[in-house]
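Novice: Please find one structure pasted underneath; my questions will follow.
The values are calculated or read from the model by the stated rules, or taken from the named source; none is laboratory data. Here the structure is a predicted model, which means the values were calculated and not measured. So basically every Cβ, Gly included, is an ideal-geometry build from the backbone, and we count neighbours across all protein chains shown. Please note that ligands, DNA and RNA were not included when accessible areas were found on the heavy atoms of the full protein model with its side chains. Shrake-Rupley method; radii C 1.70, N 1.55, O 1.52, S 1.80 Å.
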Amino acid sequence: MKKRNMIAMAVAAIMMAGCGGMGTGTGADNGILNGVDASSALGNILGSVLGINKVSETTILGTWKYAGPGCAFTSDNLLAKAGGEVAAQKVKAQLQSHYSSLGLNSSNTYISFKEDKTFSGKVDGKTLSGTYTLDVNTGQITLKTLLLTMNGYVNLNTTGMSLLFESQKLLTILQGLGALSGNTTMSAVGELSKNYKGVRIGFDMAR
């Protein structure tokens with residue numbers, strides 16, 4: 001019953017957002033909400049807030065392939081969660097053009113998690129492998145390679161899972177792997193989450 005009430009309140013908040021009745025108070029935030037179909041956000045409301053869908057050690061096992069840009073918010077406020085889902089759709093749309101320019105696709109960007117706490121995969125065709133640790137209570141995941149330590153979040157959604165990072169950490173990872181070759185793309189990715197407290201961006205992954 002409690003979960004039903006939460007969803008009902010979330011739906012109402014999204015409807016307000018879709019009608020222009022909900023924003024975060026800044027011009028930038030209002031702009032990111034414009035043009036988003038609120039009805040398309042309903043199915044993903046629980047997947048755009050970190051930690052609301054708990055992960056487990058077995059949940060993430062196997063190979064996950066890039067399915068598109070990922071985005072989620074960290075706010076615990078229910079109305080912020082609803083607004084965050086609407087905003088997330090626009091953030092993803094903007095990230096898509098930048099990711100496309102990098103050439104990311106399911107063939108060159110994927111990751112495999114194994115039971116022995118090792119992982120392997122590629123980002124834009126650049127190989128990475130190492131060990132991982134997962135905090136099932138928070139969804140925080142740490143990926144360690146010989147050259148990089150990547151702290152991020154695993155978030156479950158309606159199509160699979162998202163592998164997300166703070167924007168500057170994502171930029172560091174992409175730079176370290178050589179996936180970002182130009183300052184224009186790098187700056188554009190960084191700016192997307194600059195004005196949004198608690199946003200995490202990365203990759204939506206599917207089986």
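Novice: So, in segment 87-120, of the ones that are assigned to a loop (DSSP other than H, G, I, E, B) and hydroxyl-bearing (Ser, Thr, Tyr), which residue ends up nearest to residue 164 (Cα to Cα)?
Specialist: Taking the candidates together, the pick is 109.
Novice: Inside segment 56-68, can you point out the residues that are in contact with a strand residue (DSSP E or B) (Cβ under 8 Å, 6 or more places away or on another chain), open to solvent by 10 Å² or more (accessible area, probe 1.4 Å) and not hydrophobic (A, V, I, L, M, F, W, C)?
Specialist: Selection gives 57, 59, 62, 63, 65, 66.
Novice: Looking only at strands (runs of 3 or more DSSP E) that lie completely in segment 121-177, which have at least 3 residues being touching a helix residue (DSSP H, G or I) at 6+ places or on another chain (Cβ under 9 Å)? Lay out the reasoning, then the answer.
Specialist: Values: elements: 126-134, 140-144, 149-157, 160-165.
In segment 121-177, 149-157, 160-165 are the strands (runs of 3 or more DSSP E) which contain 3 or more residues that are touching a helix residue (DSSP H, G or I) at 6+ places or on another chain (Cβ under 9 Å).
Novice: Oh, and also: Any residue in segment 185-203 that is at pLDDT 90 or above, touching a strand residue (DSSP E or B) at 6+ places or on another chain (Cβ under 8 Å) and open to solvent by 10 Å² or more (accessible area, probe 1.4 Å)?
Specialist: So far as segment 185-203 goes, yes, one or more of its residues are at pLDDT 90 or above, touching a strand residue (DSSP E or B) at 6+ places or on another chain (Cβ under 8 Å) and open to solvent by 10 Å² or more (accessible area, probe 1.4 Å).
Novice: (1) open to solvent by 40 Å² or more (accessible area, probe 1.4 Å); (2) at pLDDT 85 or above: which one isn't true of residue 168, the others all being true?
Specialist: (2)
Novice: Looking at 103, 31, which one is at pLDDT below 75, out of contact with any Gly (no Cβ under 7 Å at 6 or more places or on another chain), open to solvent by less than 40 Å² (accessible area, probe 1.4 Å) and not aliphatic (A, V, I, L, M)? Step through it out loud before you land on a result.
Specialist: On the way: 103 fails: at pLDDT below 75.
After ruling out the rest, the residue left standing is 31.
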